[in-house]
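S.K.: Structure incoming, see below.
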Amino acid sequence: MSGSMSTVIEEQPVRPTHVEVDLSCLAENLAAIRQRVGDAKVMTILKANAYGHGLVPVARHMVRCGADCLGVAFLEEGISLRREGITAPVLVLGGIAGEQIPLFLQHDLTLTAPSVEKLHLIDETAASMGMRARVHLKVDTGMERIGIHYYSAAALLEASLACRHVIVEGIYSHFANADAEDLAHAKLQLERFMEVLSFYEKRSLPMPLRHIANSAGILQMPESHLDLVRPGILLYGVYPSHECQQTVAVRPALTWKSRVAYFKVVQPGHPVSYGSTWQSDKAVRVVTIPVGYGDGYFRALSNRSEVIIRGVRSPVVGRVCMDQMMVNLDQGTAYNGDEVILLGESGGHIISAAEVAEWAGTIPYEVLTNINNRVPRLYRGE
Ligand SMILES: *Cc1c(COP(=O)(O)O)cnc(C)c1O
């Protein structure tokens, strides 16, 4: 990439409202995670547009930085990676519909087998195509999402031994609350998983790659790292929850920016925006920013959030509109074109995904994944 900046939009100026992703920061976060997990392999989780950071550019960068494999949520995300020439192993974490199986095989994507029935379907499909399917078996140890229950899992492991067109590369489970202060449930899940895995030892069979740790598991439960870890949010420099111990130092890779589009003085008694939910009792300077809930800036942030302009944190006033919102500078100064930080760091202030999440009544994951495709992504720091 040339210079310090490269744009994803061709032959078009970048929209004033855009996201900047610091690739060197992602590399450092990955290195910090590696340091923590020792010999365990790292599967970088790239679902939901790489947590809003941009699926393909982040995937490419992670592969260059030595990620062992990539994880996505569903088939189409995996196909997008293959279409862009990414050849690293890709595990699709979600459930599968039977008719999709040939596409998994054509694109050399690794499937999750969550039941005996699906495993047999994968085996039969692979046989009919004259191929062998790569699969990871999925065991439910206490999430009740997908996967065979730990107390019935021996049937799936047993069935997999008889499948001639399946290569069982891995076996995994997923934590429901490894980000909590009380790790009793997570510990129980890990115990159940280890018990399921004893199947292989008892029969002296080769052990597939064992994995269960998400970001929270990486941070709080070193005993859960096993053969491979699956960091998502931590890779992007954000901690899973307030309670979670920050045993790995990471920095947020994403900054969401815009620019001042309009400046005015609002007189007392003249309410701002839809529903007239806010007005001032004195004349104040108010600027309009070209970003709204149509970009993924939550409407729930109306009259709650702050942004950084000229090194000052100022409040969003009135309702957030679809494409625009207003910020009260009070007696402060700003000019049209001034940079606005919606999420990220500037002039000694930080607006973190955790803080925005708290204002909006959600979690940082949703703040990041909600930034939608109307917002161009720029990449720097390679
Ligand atoms: C999303 C996901 C992860 C990553 O979770 P983080 O909390 O973001 O680290 C790991 N494994 C599975 C199965 C997932 O669905």
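Here, each number is a calculation from the coordinates, and none is a lab measurement. These numbers were taken from a predicted model, which means no experiment stands behind them. Methodologically, a virtual Cβ is constructed for each residue, glycine included, from the backbone with ideal geometry; neighbour enumeration extends over all protein chains shown.
S.K.: Rg(Cα) of segment 44-96 divided by 2.2 N^0.38 Å?
M.R.: For segment 44-96, the normalised Cα radius of gyration is 0.97.
S.K.: Based on the mean of other Cβ atoms within 10 Å per residue, sort peptides 237-250, 363-376 so the most packed one is first.
M.R.: Order by mean packing, descending: 363-376, 237-250.
S.K.: Per residue and in Å³, how big is the convex hull formed by the alpha-carbon atoms of segment 124-199?
M.R.: Dividing the Cα hull volume of segment 124-199 by its residues yields 90 Å³.
S.K.: How many angstrom separate the Cα center of segment 41-106 from the Cα center of segment 134-189?
M.R.: With segment 41-106 and segment 134-189 each reduced to a Cα centre, they are spaced 20 Å.
S.K.: Let me ask something else. What ratio of Cα Rg to 2.2 N^0.38 Å holds for segment 238-363?
M.R.: The reported ratio for this selection is 1.09.
S.K.: While we're on this one: Jot down the radius of gyration and Dmax of the chain, Cα atoms only, both in angstrom.
M.R.: Calculated on Cα positions, Rg and Dmax stand at 23.6, 79 Å.
S.K.: Connecting C-alpha atoms closer than 10 Å in a GNM of the chain, tell me which of 103, 93, 190 has the biggest fluctuation.
M.R.: So, out of 103, 93, 190, the one fluctuating most is 103.
S.K.: Rounded, prolate or oblate: which fits segment 171-244 when a ≥ b ≥ c are the square roots of the eigenvalues of the alpha-carbon gyration tensor, with rounded for a/c under 1.5 and prolate only if a/b beats b/c?
M.R.: Taking the square roots of the gyration eigenvalues as a ≥ b ≥ c, segment 171-244 is oblate.
S.K.: Next question. Compute the long axis of helix 184-202 from its Cα atoms, compare it with the longest principal axis of the Cα atoms of the chain, and write down the angle in degrees, 0 to 90, nearest 10.
M.R.: The answer is roughly 30 degrees.
S.K.: Evaluate the Debye formula for segment 44-190 with equal point scatterers sitting on the alpha carbons, no solvent, and hand back log10 of I(q)/I(0) at q = 0.11, 0.19 Å⁻¹, in q order, two decimals.
M.R.: With one equal scatterer per Cα and no solvent, log10 I(q)/I(0) is -0.44, -1.14.
S.K.: Taking the radius of gyration and the Kirkwood hydrodynamic radius from Cα positions alone, what is the Rg/Rh ratio for segment 202-300, to two decimal places?
M.R.: 1.30
S.K.: Which of the trypsin sites (Lys or Arg not before Pro) found in segment 138-230 are in a DSSP loop and have at most 16 neighbouring Cβ atoms, other than their own, within 10 Å?
M.R.: Sparse-neighbourhood loop trypsin sites (Lys or Arg not before Pro): 145, 164, 203.
S.K.: Right, next: If you average the sequence gap of Cα pairs under 8 Å that are 6 or more apart and divide by the length of segment 113-245, what percent do you get for the contact order?
M.R.: The normalised contact order for segment 113-245 reaches 21 percent.
S.K.: Let me see the P(r) profile for segment 10-61: every Cα-Cα distance counted, bins of 5 Å, each bin given as a percent of all pairs.
M.R.: 4, 16, 21, 22, 18, 8, 4, 3, 2
S.K.: Related question: Where Rh is the Kirkwood radius over the Cα pairs of segment 297-382, the temperature 4 °C and the viscosity 1.567 mPa s, what D in µm²/s does Stokes-Einstein return?
M.R.: Stokes-Einstein gives a translational diffusion coefficient of 94 µm²/s.
S.K.: Given charges of +1 on the Cβ of Lys and Arg and -1 on the Cβ of Asp and Glu, with all other atoms neutral, how large is the dipole of segment 84-155 about its Cα centre, in debye to the nearest 20?
M.R.: Charge dipole of segment 84-155: 140 debye, to the nearest 20.
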